[in-house]
């Protein structure tokens, strides 16, 4: 694990995920994790109910 841990005990990637969650007004996020660390976040942009 080469990510630097901050004073809060969170890596920079984990802090970025929290920022993304807080900035999302509503919707669905999909978070991909590898070796215990987030590597990608996907926002669902469109969902159509018929």
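For residue 24 and residue 40, compute 0.36 nm times the residue count separating them, minus their Cα-Cα distance, and round to one decimal in nm. Spell out each step's value before the answer.
Numbers: separation 16, 0.36 × 16 = 5.76 nm, distance 1.54 nm.
Between residue 24 and residue 40, full extension yields 4.2 nm more.
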- Nearest 10 degrees, 0 to 90: what angle lies between the long axis of helix 12-23 and the longest principal axis of the chain (Cα atoms)? 30 degrees
- Item | Value of [θ]222 nm, deg cm²/dmol, for the chain, DSSP H segments ≥ 4, -39500 (n - 2.57) each, nearest 500 | -7500 deg cm²/dmol
- Item | Column: log10 I(q)/I(0), Debye, Cα scatterers of the chain, q = 0.14, 0.15 Å⁻¹ | -0.43, -0.48
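Please report 14, 19, 35 as a ranked list, fewest other C-beta atoms within 10 angstrom at the top and most at the bottom.
Working: 14 17, 19 10, 35 6.
Taking fewest neighbouring Cβ atoms as first place, the list is 35, 19, 14.
Computed from the coordinates by the stated procedures, all read-outs in this text should not be read as laboratory data. Note that this is a predicted model, so its numbers are computed, not measured. FYI the Cβ positions are ideal-geometry reconstructions off the backbone, even for glycines, and counts take in every protein chain you see.
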